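The values are calculated or read from the model by the stated rules, or taken from the named source; none is laboratory data. No experiment lies behind these values; they were computed from the predicted model shown. Cβ sites come from the backbone with ideal geometry, for glycine too, and all protein chains shown count toward neighbours.
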Amino acid sequence: MSESRITDLHVVELIPDEWTRLRDIRLRALQADPEAFGATFETESAYEQDDWRGMFSKANYLVAVINDVDVATMSIENLKGPAEDACWIGGCWVDASLRGQGVMRTFMTYVDNQAQERAWTRQGLGVWQDNLDALTAYERLGFTKRGEPQPSTRQPGKFYQRMFRDV
């Protein structure tokens, strides 16, 4: 997609009835960049409709859309416990042809607007410590590293870095 088409970029929050859109972009992301996720294509491609619908009970799912094509995805989860005024951002993926063109910034603008409505004062995420492009992108968006890298429970031997920003 050319940069001139990027003007049509917008974010849509999916509902459970749009589970096929979530499935399609999530599987595309897992195939294109399997190292970016804790999940695997093999596992999620075996999911049935009820599995995909069930994912909406744990998180909200966003897609970035350009010219009616889903080009990126992100999940948002309300944190439980003492940090109930925070959200956890996960499952971020942007089509490689669009990286560095403002898609993540558009997602974060959407999340910031939702933060006001949903009383989130902090946003957090985890990123693989060896994903330097993602670390740099999140730092540009105002996230700062918090604590030491943590071992992954889903991918033994890999570590993720927690990052936060205040809204």
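Below is a table of values for the structure above.
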quantity: Per-region count, the range 119-148, residues in a helix (DSSP H, G or I), under 19 Å from Ile6 (Cβ atoms) and in contact with a helix residue (DSSP H, G or I) (Cβ under 8 Å, 6 or more places away or on another chain); calculated: 1
quantity: The one condition in (1) outside any strand (DSSP E or B); (2) over 12 Å from Val11 (Cβ atoms); (3) in contact with a helix residue (DSSP H, G or I) (Cβ under 9 Å, 6 or more places away or on another chain) that Gln116 fails to fulfil; calculated: (3)
quantity: Residue satisfying condition, being over 22 Å from Leu27 (Cβ atoms) and under 15 Å from the mean Cα position of the chain (by Cα), within set Met108, Met104; calculated: Met108
quantity: Which numbered condition Val111 fails, given (1) within 28 Å of Ile6 (Cα to Cα); (2) outside any helix (DSSP H, G or I); calculated: (2)
quantity: Options Ala115, Ala134; residue that is surrounded by 15 or more Cβ atoms within 10 Å (Cβ to Cβ), under 21 Å from Arg105 (Cα atoms) and touching a residue at least 60 places away in the same chain (Cβ under 8 Å); calculated: Ala134
quantity: Check on Val127, β-branched (Val, Ile, Thr), within 21 Å of Val12 (Cβ to Cβ) and within 16 Å of the chain's Cα centre (by Cα); calculated: no
quantity: Of all residues making up the range 108-132, the number that are in contact with a strand residue (DSSP E or B) (Cβ under 6 Å, 6 or more places away or on another chain) and at pLDDT 90 or above; calculated: 8
quantity: Some residue of the range 32-44 being more than 28 Å from Asp112 (Cα to Cα), out of contact with any Ser or Thr (no Cβ under 7 Å at 6 or more places or on another chain) and acidic (Asp, Glu); calculated: yes
quantity: Out of Gln150, Gln161, sole residue that is crowded, with 18+ Cβ neighbours inside 10 Å, more than 14 Å from the chain's Cα centre (by Cα) and polar (S, T, N, Q); calculated: Gln161
quantity: Test for Gly91: is it in contact (Cβ under 8 Å) with a residue 40 or more places away in the chain, of a type outside the set (D, E, K, R) and assigned to a strand (DSSP E or B); calculated: yes
quantity: Val11 under 21 Å from Gln123 (Cβ atoms) and either in contact (Cβ under 8 Å) with a residue 12 or more places away in the chain or out of contact with any strand residue (DSSP E or B) (no Cβ under 6 Å at 6 or more places or on another chain) (or both); calculated: yes
quantity: Candidates Leu141, Leu125, filtered to the one that is of a type in the set (A, V, I, L, M, F, W, C), closer than 18 Å to Cys87 by Cβ and surrounded by 20 or more Cβ atoms within 10 Å (Cβ to Cβ); calculated: Leu125
quantity: Met74 vs. criteria modelled with pLDDT under 95 and either in contact with an Asp or Glu (Cβ under 8 Å, 6 or more places away or on another chain) or within 29 Å of Trp19 (Cβ to Cβ) (or both); calculated: no
quantity: Conditions (1) surrounded by 11 or more Cβ atoms within 10 Å (Cβ to Cβ); (2) over 14 Å from the mean Cα position of the chain (by Cα); number of the one not met by Trp88; calculated: (2)
